[in-house]
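In what follows, a structure is listed as structure tokens, so that the remarks can point back to it.
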Amino acid sequence: MSKGLLTLITKPQSQQFDSRFGHNDKVSNNDRRNIYIHSLISLVTGIKQRVAQWLERWARKRKVAGSNPRADKVANQTLHTDSPDLPECFQLSVLSWLPCVYLWLACPPYIFYVQRNNMGYIMMSVLNRVKTVFALLLWIVCWADLFGTFHELHQGDTRPPIYFVTPLVVGITMLLATFLIQFERLRGVQSSGILFIFWFLSVLCAIVPFRSKILQAKSEIPDKLRFITFYLYFSLVVSQLILCCFNEKPPLFSNVDTDPNPCPQSTAGFLSTMTFWWFTSMAIKGYKNPLEAKDLWSLNKRDSSEEVVPKLLKEWDLEQIKRPVKALYSKPPPAGESNHVGGENSPEEVEVLLSKKRTPKKPSFLRSLIKAFGPYFLIGSAFKLLQDLITFVNPQLLSLLISFTKQKEAPTWWGYALAFLMFFTAFLQTLILHQHFQYCFVTGMRLRTAIIGAIYRKSLIITNAAKRTSTVGEIVNLMSVDAQRFMDLTTFLNMLWSAPLQIILALYFLWQNLGPSVLAGVAVMILLIPLNAAIAVRTRAYQVEQMHYKDARIKLMNEILNGIKVLKLYAWENSFKEKVLEIRQKELNVLRKTAYLGALSTMAWTSAPFLVALMTFAVYVTVDKNNILDAEKAFVSLSLFNILRFPLNMLPQVISSVVQASVSLKRIQDFLSHEELDPESVDRNNTGKHGHNSSVTVVNGKFTWAKQDPPALHNINLMVPQSSLLAVVGHVGCGKSSLVSALLGEMEKLEGQISIRGSVAYVPQQAWIQNATLRDNILFGKAYNEQKYRSCLEACALTPDLEVLPGGDLTEIGEKGINLSGGQRQRVSLARALYNEADVYLLDDPLSAVDSHVAKHIFDHVIGPEGALQGKTRILVTHGISFLPQVDNIMVMVEGRVSEMGSYQELLQQNGAFAEFLRNYSLEDIIEDECGDRMVICDNIAMILLLSGNCQICKPLHNIQGIVDFAKKLHTTESQNPEGASVCLTPSVIDNCCILCVKSKVFWEYAKAVGPLLTLFICFLYGCQSAAAIGANVWLSQWTNDAAQNMTQENVSMRVGVYAALGITQGILVMVSSFTLAMGNIGAARKLHYALLDNKFHTPQSFFDTTPIGRVINRFSKDIYVIDEALPSTVLMFLGTFFSSLSTMIVIVASTPIFAVVIAPLTFIYVFVQRFYVATSRQLKRLESVTRSPIYSHFSETVTGSSVIRAYGRRDAFVLMSDVKVDDNQKSYYPGIVANRWLGVRIEFIGNCIVLFAALFAVIGKDNLNPGLVGLSVSYALLVTMSLNWMVRMTSDLESNIVAVERVKEYSETKIEAPWEVEDKKPSPDWPSQGKVEFLDYSVRYREGLDLVLKNLTLSVVGGEKIGIVGRTGAGKSSMTLCLFRLLEAAGGEITIDGVKISEIGLHDLRSKLTIIPQEPVLFSGSLRMNLDPFEKYNDGEVWKALELSHLNKFVSNQPAKLELECSEGGENLSVGQRQLVCLARALLRKTRILILDEATAAIDLETDDLIQSTIRTQFEDCTVFTIAHRLNTIMDYTRVLVLDKGQVAEFDTPSKLLSKRGIFYGMAKDAGLTQ
């Protein structure tokens, strides 16, 4: 601004100063100071007025610029010049005060926040000292300026007031900054955002004076003092900004010092926090090596369960105290409750009590959540508000840029300024948006942690009545589904207010731009909402239908895989394959319908902005002839319509999420409001008046399970002296277990009192075993003491079992103790109680699950008068009569009351209920057989074999020593054989190893499955669709150029018509391309599933013996789901974003060819960032899913064992365990959130660079560009950020999802068995006519690398012979029968049947001519007829005949459905005996010449066994029969008996000859009591 104007503004002021101060020596210094201060105050108040006057005059001068060259000069000096400058007055006021105003406004809330969140104390460091010194120097510099002005005043050189005010204000602000530097240090703030922004603003505002002073200095330096002070000021401010980028040390005694792997966020600086730079180390680590759990950072203390859960519980407790429904009436009875909703209507009691007052509201869980997490969430909301406002800056800047290109004489720096402003606002928007997301996601994460923690803690203390209303599955759902819903909602919750705000702002700016024509576009948007809603409703219905088919298919596959051996033996694969494919076809049909809808929806989504623009522009130009559509209007409107698209689409989704979350909220609130167990119901201090020396006392006890139920126990009076043993006996359901529960405080106490002296140990009736090692189950949180531990194992008879378990007492026990037998579980439970060393032992029938020998051992060594617990008080609930004479007292219960009590002898003499009890139960004790103990260990070893996939499972193991040897051998085999060893790994370990980078080969495999030509055609369609979109926009830019050439009116209809045609073409192409893509994907899904299914039916049995079924099922369920649903949508989004980004580049390069130069470096950075993100994010997702399931499995385990946990007082320990599991999960979830933010900031930065270069090149080439092209290229650039961001996410998802194709391919290409049919070797239809079987030097092994099971077997069986096969366990009996079916292929030698070598013919040709009745009867879900005859070869008459012969016809004819009787999964709705008879009926239907009988022993009773034997003797009289005999009496009348020993023929002759030989067979017969 010229000197003249400066004088104009400052003249009256200087006169005023002269009159006051003049050179009047009479005025004393003191008076002078007072006068000065007084005038200063009046001057500050007058500043506003001065500025207003100045602006008014300046405006006036502008109007008459032509007549006043001086004013014209002023305007030209600021705007219309190639070397602009701002007036000195503006520099000294606005530019100097702006940072100061910011700091003073931000300070109070910031100081309050830091005061509240004190993080400790930071030692004074060099950095801190330098910052403080520089801040003080700045204060000195400012005040030097001020005193300089005073000096000048003294010298008579009067300055305007601004020269006094500004140094004063800035100086005081610098003192404030100095105070803040020290205040933050004392409060542990390592990096200050407030000060960073302050220094940044100060530098920014000082750049203009910096340039001005240099320009002035070119001629001469008018004011040397201010020149020097300013440059000192500038260099100090820049230094402060640089220093602010560095961090202080962590505060003393902070977590960072003690944590081995702290999260760098806590020590990250302000810049690092804003750009998420601190995450880079994790991204690099994940890129170099696969991430493991140990690489993850610890969770921030403020996000951990330890801090988050108590915060919510505190608010919830306050909420419950405020609204005390409890105080008036304990809780509404849950009689009429549904599973999810508890206590909807208050009961009458409450109403009566509160009739005078108004009914109080229920405690609100939502209010608790808001109080606990609302303040933090509001910070995120503030960021969102800021971001929404900044969003609308860029369309305005675009408008200015287009108008700039129209003005050919405008100075170039305008354009550069606009380009950099666009970049700066976009970048600021990026930073703010991602901070908003970070706050929202962290709030969601904390919500989930808190809700899971609250539910877990509540589940440990709810009453049994409350437990009835919520099953374990439902409570787990509250944790997984409902807590997850809250977490998902917080991300978009701000859209509830933000979407309407964005819509209103966008409409406001559109109205400014186009007037009422906007309403036409808005109408189109509103009309599209019901269309989208209808599509969503229909899609949801299809999803439900598809889930139904998917469940049916998985259920069938599960059965098929469980019964695959039977399918192979009967050659039934084809029938079941057809059944699976039939369901699959229905599933794909629904998928196809969904694809039609999806294509429609994609079209609506893509075409919406275009249709809106078309309608608006068409209405705008046709309504009024004066309305001209120029580039500014068109492209600014387009960018505003694009902004509008997001909130309009999000709002319905957010509302539906809110509705879902409100349902979840109600469910969680009802669960948390359930009644809790009364901790005071049992007096643990034993201060009761009754029974001074008794350990357990109950006086007049009356107990119930739920308040509204009738009492379960009445009038219980009980005193148990210390160190005595009380047995509680009675019939089933008489209240014995209830009594134990009452003593534990698990029941509602209606009357009376209970007191227990000392600690309690509890052994429940059904043993509760944790998913931990056997040792951990016994220690149960106590310290390990070797001697005590060993004696516990010895006493509980667990030592022999440890020898059998593969890892001894460190063997991991599966969920619910799956790899232990019932008896072992009970003994572990007992050992836990014994190790726990309590004062009172409550033993709820611990001897029922073990057999008589073990029971006697346990009673003698643990419970009885000589046992380990002899000095303790024991209450034993039992059915075992034999121990009663040894107990101190017996209490007999009848229907919830104590009927008798006394010693054994006393009760016998009374001849009451006890005597009757003895009569009922004594018989059972006598019948109990002697072989129990063996069976327990057999069960267990069978379990081990099952887990290790060893085929020999079918054989019961008789010799215990043999078992132990076998287990050891198994262990060594597995350590030598990697294939076997892999089985012992948990399936998750194996499945999770698919973390290698996905090869391009897999993508090619998928493209082949879609069809290579179709793949190219889909890409071509996407290209066409993008071309149509570009065409429409180019046409629009041409249309807007008509305005410049004044030929608007004559072309309107043609312009609108072509624009509409291009847009509609694009819409149709979008629909066609997404539909074609969906068809290709469905085709690929069909092919991949078929290949997998076909391969699995052809896979040899050995594969299923070594592979856990769950792993195969996973391929059919999870991976096929990904290929069906997840992959297609990912591919669709990927292609959409890819072509969108590509078309942006094409448009910008076409408009400004020089842009091609920057594409290469930007692409390089993009790919670089993307590779880092994809690698890390995929592994974080994997770790997150691996750590998620333990939370829920631990929880369901806790709920089932809650009474044990409470009895041992381990509640807090379990709460801690749950918290640790949740924190472990969040440890991998949190970096996953940050990875997305990290990526977002970097990718959007690249997008912002594209905007910058598009605008810059438009400015550079503005002479050759028309406004339409500039609008086109920059509006495209503004859109690219979103596409780029989504493209990386989609690439990541694509790589994660394509793994499913790889996994399915892997299982579609496993080794297959021999062909089912060999055309040129087909045997004749009547083969085998005689049934003659010969083994010639035959050997076989189970798998490559294992020992031979049968060695050089040679024998011949004539047709019609009945052969019994016997031998010890592991002799090779079952293997021999499997060889006949070629389930095991020969390692040497031959088997011939009627002279035909079975190794040369097809498997189905062989297997369909043999029949087996297997040891385990396997049935499939479906009709009974299907189970007998899946191929429907036989008519109903033949089926009924078979049923009659198998003694089932009576049972079946009594069923209403007759032959169509539905068998449930595994035939559960038939007894085991009936299932065995169904297998017999199958054999009778097939009636082949050779029958193999793997005789079932444990499965059926003697009566059924006799029926089967007699039917076989009559119906298969002329057939060759091989029977694997367990009961020798069934084969004593057979033609010959084959005795196998170690895989070789030991004896083979008639039974009578073998008995007379007195060999192995004789020994076995003697053991069985068949011979003397």
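The values are calculated or read from the model by the stated rules, or taken from the named source; none is laboratory data. Not measured: the values here are computed from a predicted model. Cβ coordinates were reconstructed from backbone atoms using ideal geometry, including for glycine residues, and neighbour counts include every protein chain displayed. Just so you know, the surface numbers come from the protein's heavy atoms only, side chains and all, with ligands and any DNA or RNA stripped out. Shrake-Rupley method; radii C 1.70, N 1.55, O 1.52, S 1.80 Å.
Distance cut-off 22 Å, Cα to Cα: go down the list LYS1362/LYS1487; LYS555/LYS586; LYS1096/LYS1542; LYS568/LYS1096; LYS1118/LYS1221 and report the pairs above it.
From the list (LYS1362/LYS1487; LYS555/LYS586; LYS1096/LYS1542; LYS568/LYS1096; LYS1118/LYS1221), the Cα-Cα distance tops 22 Å for LYS1096/LYS1542; LYS1118/LYS1221.
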XL table LYS406/LYS625; LYS565/LYS1458; LYS749/LYS788; LYS1409/LYS1458; LYS565/LYS1397; Cα-Cα > 32 Å flagged, in table order, is LYS749/LYS788
When every protein chain stays in place and a 1.4 Å probe is rolled, LYS1409, LYS311 sorted by accessible area with the largest first are LYS311, LYS1409
extent check for region 433-515: Cα max minus min per principal axis, descending, whole Å, gives 67, 26, 15
Pseudo-spin-label distance PHE227 to THR1163, built 7 Å along Cα→Cβ, given in nm, is 5.3 nm
Note to self: Kirkwood Rh of region 1269-1328, Cα pairs, one decimal, Å, is 17.4 Å
Flagged as over-length at 31 Å C-alpha distance, from LYS301/LYS1181; LYS314/LYS872; LYS550/LYS1373; LYS1322/LYS1373, the pairs are LYS314/LYS872; LYS550/LYS1373
Partner lysines whose C-alpha sits under 17 Å from that of LYS361, ignoring same-chain residues fewer than 8 away, are LYS322, LYS326, LYS331, LYS666
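State the extension gain, in nm to one decimal, for the chain segment bounded by ALA1156 and LYS1087, taking 0.36 nm per residue of separation less the distance between their alpha-carbons.
Answer, rounded to one decimal: 20.6 nm.
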quick shape note, region 1107-1236: Cα extents on principal axes in Å, largest first -> 79, 33, 22
Counting only protein heavy atoms with a 1.4 Å probe and every protein chain in place, the carbon and sulfur fraction of the accessible surface of region 516-562 in whole percent equals 69 percent
Residue-ordered couplings for region 1111-1123, obtained by feeding phi - 60° into the Karplus form 6.51 cos²θ - 1.76 cosθ + 1.60 and rounding to whole Hz (Gly and Pro as x), are 6, 6, 4, 4, 5, 6, 9, 5, 5, 5, 4, 4, 5
With every protein chain kept in place and a 1.4 Å probe, the residues VAL133, VAL126 fall, from largest accessible area down, as VAL126, VAL133
SASA check, TYR163, accessible area w/ 1.4 Å probe, all protein chains in place, rounded to nearest 10 Å², comes out at 20 Å²
Here the convex hull volume per residue of region 419-575, taken over Cα atoms and given in Å³, is 272 Å³
re region 515-635: pairs of Cα atoms spaced beyond 16 Å account for a percent value of 72 percent
Carbon and sulfur atoms account, in whole percent of the 1.4 Å probe accessible area of region 1274-1390, for 52 percent
If the chain between GLU916 and GLN1544 were fully extended at 0.36 nm per residue, the gain over the current Cα-Cα distance would be 220.4 nm
Largest-first ranking of SER399, SER1037 by accessible area, probe 1.4 Å, whole protein assembly kept, is SER399, SER1037
For 141-151, 404-414, ranked highest to lowest by mean beta-carbon neighbours within 10 Å, the order is 141-151, 404-414
Mean projected area (nm²) from the convex hull of Cα positions in region 1400-1487 is 5.9 nm²
Taking r as the C-beta separation of ILE1146 and TRP104 and R0 as 35 Å, the FRET efficiency to the nearest 0.05 is 0.10
Heavy-atom accessible area per residue of region 506-566, all protein chains kept, 1.4 Å probe, expressed in Å², is 51 Å²
Highest mean packing first, using Cβ neighbours within 10 angstrom, the peptides 298-309, 1149-1160 sort as 298-309, 1149-1160
